Amino acid sequence: MKVYWIEVRRSPLVWCLPLLLLVEFASVFGRSQWWIGVWPQASAAAQIPAIFFAPAFSAAAAWSVNRSLRTGMLEQRRNSAQPLWKLDLIHFLATLTHGIAVYTIGIVAAALVTFPDAGRGFLWPSYLLLGAATITACAAVGHIVGRLTNSPFAAPVICGLATFVGLGSLGKSLGLFVLSGSPAYEVPSKALAPRIVLAAVLVAIAVLAPSLFKPTTLWSPKGDQRLVIGMGFVGAVITTMVLISMSGPIQAPRSASVDPLCSQGAPKVCVWPEDKKYLNELAAMAQRLDEIPQDWITVPRAMYERGLRKPSEKTANDFEVLEGNFWFVSPNMAGSVMELSLHVQCPEDEAVGLAIRELEAWLEVRANNNQPRRGIYGGPPGVDYNMLSRVAAATEAEQKTWVDNRLRATRKTSCD
């Protein structure tokens, strides 16, 4: 343990900590901050550095081990009474300590800004472990490349670029990171475990491989032994990748048995408890629809966030709050109103279809209090949201006249 702490203090990464912290905070807070106030979303945001920080840390790990070997330590390692793999393990653990410490600081920052608006609960460990596993795996790649090469500049550059490209192209499909953490989904243990095993396998290779390819007098495997051990390393990685592919997606639907958090009165809106910060605005949207003074409109007595109810025909219009944008919610709310309010005989008729789409989009605008659309481009065929915004800004009598014109178009009875 004493040797480990000495290695931590003398690690070249001490000089890189400010840069690594900058990358960490830029990864967590540099993008949109809609996740603040929702624990699972904050947990996912805290592991986002797996995409950006992990490649930077891989480069730093390669530079650290390469620099240590250039300071005259290589001969001491070779003549040490300790097996070479133990020395590599201590160096890697010291390197990883710096990386996990920076990662932890980012996690604490994400928790601190989430506390004021969050509902019950706390950060979800599964997301944090996923990020830690990816960072550890990338650090292992950096360690082995830096250990087996003599270039002080090429190794860090190669590791940084290779891990960044690898995560960008395969990381999402392999489930090495997630981009958001909807409360309707969770990271199951059976999916998380093989990702952690992959990181452990890469660490074992990073620690043991130098003894194989750069043997010492203490342990010098012969050519056949090297081949067998090398094939064992490759087989372990392949086996782990197979396990990952068999474990299913990294995020799976959460149990619908959780008691929802619902607004008072009617129509009530029910959300996952973790989405508490959205409840007041969602309830206000439902109330705006209920207050439209037109007799043909029937608003459901309850609206639910997606995942709270077991899938059925009744859940088709359950909403989902994507990136904190309520414009993603309003189509589902408007759809649930249209389903109860309007029954047409010729929905496939072009004129009827356009009238239905315009009415539904008008309900969206009303639900959002005629606020500008944010983060959404385009829309249903033939629907002009600028025109609908002008309609929603008119008097209730003028809006009723506009609506009645569309309602007449939907009452077509001949579907020729």
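Being in a loop (DSSP other than H, G, I, E, B) and closer than 18 Å to PRO156 by Cβ is the filter here, so list the residues in region 1-57 that pass it.
Answer for region 1-57, where residues must be in a loop (DSSP other than H, G, I, E, B) and closer than 18 Å to PRO156 by Cβ: just SER11.
Which count do you get for residues in region 319-364 that are assigned to a loop (DSSP other than H, G, I, E, B) and of a type in the set (D, E, K, R)?
4
VAL365: surrounded by 13 or more Cβ atoms within 10 Å (Cβ to Cβ), more than 21 Å from LEU289 (Cβ to Cβ) and aliphatic (A, V, I, L, M), yes or no?
Judged against the criteria, VAL365 is not a match.
Please specify each residue of region 155-184 satisfying the condition of being of a type in the set (A, V, I, L, M) and open to solvent by less than 20 Å² (accessible area, probe 1.4 Å).
ALA155, LEU167, VAL178, ALA184
Looking at SER64 and the list (1) small (Gly, Ala, Ser); (2) open to solvent by 80 Å² or more (accessible area, probe 1.4 Å); (3) modelled with pLDDT of 75 or more, which single condition is not satisfied?
The number of the failed condition is (2).
Look at region 394-409 and say how many of its residues are of a type in the set (A, V, I, L, M, F, W, C) and within 18 Å of GLU364 (Cα to Cα). Let's see the steps before the verdict.
Within region 394-409, the first condition is being of a type in the set (A, V, I, L, M, F, W, C), and the residues that meet it are 394, 397, 402-403, 407, 409.
So of that shortlist, the ones also within 18 Å of GLU364 (Cα to Cα) come out as 394, 402-403, 407.
Selection size over region 394-409: 4.
Which of (1) out of contact with any Cys (no Cβ under 9 Å at 6 or more places or on another chain); (2) farther than 17 Å from VAL201 by Cα is the odd one out, the single condition HIS98 does not satisfy?
So the condition that HIS98 fails would be (1).
Quickly run through region 319-343 and pick out the residues that are hydrophobic (A, V, I, L, M, F, W, C) and open to solvent by less than 40 Å² (accessible area, probe 1.4 Å).
Selection gives PHE319, VAL321, TRP327, VAL329, MET333, ALA334, VAL337, MET338, LEU342.
Say we look at region 135-159 and pick out the residues that are of a type in the set (Gly, Ala, Ser) and at pLDDT below 85; which of these is farthest from ILE196 (Cα to Cα)?
Out of the qualifying residues, it is SER151.
Considering region 185-201 alone, what residues qualify as being in a loop (DSSP other than H, G, I, E, B) and over 13 Å from the mean Cα position of the chain (by Cα)?
Answer for region 185-201, where residues must be in a loop (DSSP other than H, G, I, E, B) and over 13 Å from the mean Cα position of the chain (by Cα): just PRO188.
Which ones in region 227-286 are assigned to a helix (DSSP H, G or I), more than 23 Å from PRO116 (Cβ to Cβ) and under 20 Å from the mean Cα position of the chain (by Cα)?
If the condition is that a residue be assigned to a helix (DSSP H, G or I), more than 23 Å from PRO116 (Cβ to Cβ) and under 20 Å from the mean Cα position of the chain (by Cα), then ILE244, SER245 are the ones that fit.
Starting from residues that are modelled with pLDDT under 90 and among the β-branched types (Val, Ile, Thr), keep the ones in region 259-298 and report whichever is nearest to SER336 (Cα to Cα).
That would be THR298.
For residues that are of a type in the set (S, T, N, Q), surrounded by 18 or more Cβ atoms within 10 Å (Cβ to Cβ) and more than 15 Å from GLN41 (Cα to Cα), tally how many sit in region 82-126.
Qualifying residue count for the region: 1.
Suppose we filter ALA393, ALA351 for residues that are more than 23 Å from GLU339 (Cβ to Cβ), open to solvent by 40 Å² or more (accessible area, probe 1.4 Å) and over 37 Å from the mean Cα position of the chain (by Cα); which single one remains? I'd like the intermediate steps shown before the answer.
Working: ALA351 fails: more than 23 Å from GLU339 (Cβ to Cβ).
Criteria check complete, one pass: ALA393.
Can you tell me which of (1) open to solvent by less than 60 Å² (accessible area, probe 1.4 Å); (2) of a type outside the set (D, E, K, R); (3) farther than 15 Å from ARG288 by Cβ is the one LEU388 doesn't meet?
Looking at each condition in turn, LEU388 falls short on (3).
Look through region 303-318, keep the residues that are surrounded by fewer than 16 Cβ atoms within 10 Å (Cβ to Cβ) and not in a loop (DSSP other than H, G, I, E, B), and return whichever of them is modelled with the highest pLDDT.
THR315
The values are calculated or read from the model by the stated rules, or taken from the named source; none is laboratory data. Everything numeric here is computed off the predicted structure, so don't read it as measured data. Quick reminder, even Gly has a Cβ in these numbers, built from the backbone with ideal geometry, and neighbours come from all protein chains shown. All accessible areas refer to the heavy atoms of the entire protein, side chains included, with ligands and DNA or RNA removed. Shrake-Rupley method; radii C 1.70, N 1.55, O 1.52, S 1.80 Å.
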